[in-house]
Amino acid sequence: MPASSTPPRKLPSPSDPKPTLVVEPAPTRAQVKTTTTAKNSLKAKDADKASKRVAFLKHLLQDKGVSFDRLWTLVRVHESGSLIKAAGDDTTRSGQYSRQINELEKFFGFEISVRDSSPLTLNRQGIELAQFTAEFFRRFEDFALRGRGESRTFTIAAGESLLQWIVIPGVSALERVFPDIGFRLRNLQNSEIVLGLKDMTLDLGLLRRESMRKPLAGTPLGCVDYCLCVPRPLLADRDRFKLPALLEELPLAVHLETSYIEAELEAATRGAGLRLNIRLRCDTFPNAMAALRTGRYATLMIQFPGRNPLPADVETFPLPYLDHTHRDIYLAWNPRLLAMRPEAERVRNLLRQQLAWGNP
């Protein structure tokens, strides 16, 4: 039988140090009393907070100074920018809104409007109250619509050309995935989109990277550059390779969205001793496209790789003068949106997949 490989256990020796047994001293009466007092104090504070919360809720439910109607008026005043704009120049409604704001101030015990302003606007506390009240109404509406199986709406904002060429094709592809969700599209400037995302009047927005501000979050969609779009008939008898001369000779149609690009281009060509031949100014992107399709005007356009549905008889020219106007576009949102609307994260992720056209 093989010998065991386990070494023999070592017997304790009289010379080995003896283990020390540490005995904690019993707490004194003073220490016990102090601990008990602290625990009782915490319980008393918790009970006092609960009591105050109950008292406030009773006040909220019984007082006639606060109501959904008054809070909704507050939200409308905030979203419109002033009481007069919210009332739509209706003097009767304006008086009603002013009275409702006064009743809310009486309920809270402090002012929520700037009294010296004309027309009446909200102060910092009023804006804060309006913002989280709007969030409550949005969640309340979503809950009701979802419970009834009705369509909910997500609002997306972008510049007009981004809406036309990027957002509308992307949103249409989501119809199969979200049959119970609708989308509202808004044509807004970058600064308006930033404000709308911050105060939660917008759900998602397309912004230039330099417009991203805290607390907004975003994910890149792609890059945009600007080009000169010219109908081929306008190139007859012209040297198409002399771009500065083309800019001076061609009749240009421009629209508001490219106004800052127009200014940059004018400054660049002025340095070369040239002057832009602007013959038509349009308020909207579709009008500028309609002018281009007549074959009688060239125009400045944002260029999206593989996305621009330009007429077949149009040639595009890069604008080397505008290399510094290269823009990275982001899909932006307020992080509070994801906590407030259950479908928001999935809508955002799928929309990003549909809208992205390249890496910035």
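Side notes on the structure shown:
- Scan the range 156-178 for residues that are assigned to a loop (DSSP other than H, G, I, E, B) and without any contact (Cβ under 8 Å) to a residue 60 or more places away in the chain and the total you get is 2.
- If you filter the range 106-155 down to residues that are among the β-branched types (Val, Ile, Thr) and outside any helix (DSSP H, G or I), you find that the one that is farthest from the chain's Cα centre (by Cα) is Val114.
- When the range 75-105 is filtered for residues that are part of a loop (DSSP other than H, G, I, E, B) and within 22 Å of Met200 (Cα to Cα), the ones remaining, listed by number, are Gly81, Ser82.
- When Pro220 is tested against (1) modelled with pLDDT of 90 or more; (2) surrounded by fewer than 18 Cβ atoms within 10 Å (Cβ to Cβ); (3) assigned to a helix (DSSP H, G or I), only condition (3) is not met.
- Single condition Met200 does not satisfy, out of (1) in contact with a strand residue (DSSP E or B) (Cβ under 9 Å, 6 or more places away or on another chain); (2) in a loop (DSSP other than H, G, I, E, B): (1)
- Flag for Val194 being more than 23 Å from Thr299 (Cα to Cα), assigned to a helix (DSSP H, G or I) and touching a helix residue (DSSP H, G or I) at 6+ places or on another chain (Cβ under 8 Å): yes
- Some residue of the range 126-137 being among the polar types (S, T, N, Q), in contact with a Leu (Cβ under 9 Å, 6 or more places away or on another chain) and in contact (Cβ under 8 Å) with a residue 24 or more places away in the chain: yes
- The residue of the range 74-110 that is surrounded by the fewest Cβ atoms within 10 Å (Cβ to Cβ), among those that are of a type outside the set (Gly, Ala, Ser) and touching a Pro at 6+ places or on another chain (Cβ under 9 Å), is Lys85.
- Selection within the range 136-154: residues that are surrounded by 16 or more Cβ atoms within 10 Å (Cβ to Cβ) and not basic (Lys, Arg). The member of this set that is nearest to Phe68 (Cα to Cα) is Asp142.
Residues are listed down the side, and each one gets a yes or a no for (1) modelled with pLDDT of 80 or more; (2) among the acidic types (Asp, Glu):
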site: Ala263; (1), (2): no, no
site: Ala268; (1), (2): no, no
site: Leu280; (1), (2): yes, no
site: Asp283; (1), (2): yes, yes
site: Pro286; (1), (2): yes, no
site: Leu292; (1), (2): yes, no
site: Arg296; (1), (2): yes, no
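- When His78 is tested against (1) within 29 Å of Ala339 (Cα to Cα); (2) modelled with pLDDT under 85, exactly one condition is not met: (2).
- Cross-chain or 6+ apart pairs with Cβ under 7 Å, the range 191-206 first and within 13 Å of Arg138 (Cβ to Cβ), then among the acidic types (Asp, Glu): Met200/Glu135; Thr201/Glu79
The values are calculated or read from the model by the stated rules, or taken from the named source; none is laboratory data. Keep in mind that this is a model prediction, so the values were computed, not measured. Cβ sites come from the backbone with ideal geometry, for glycine too, and all protein chains shown count toward neighbours.
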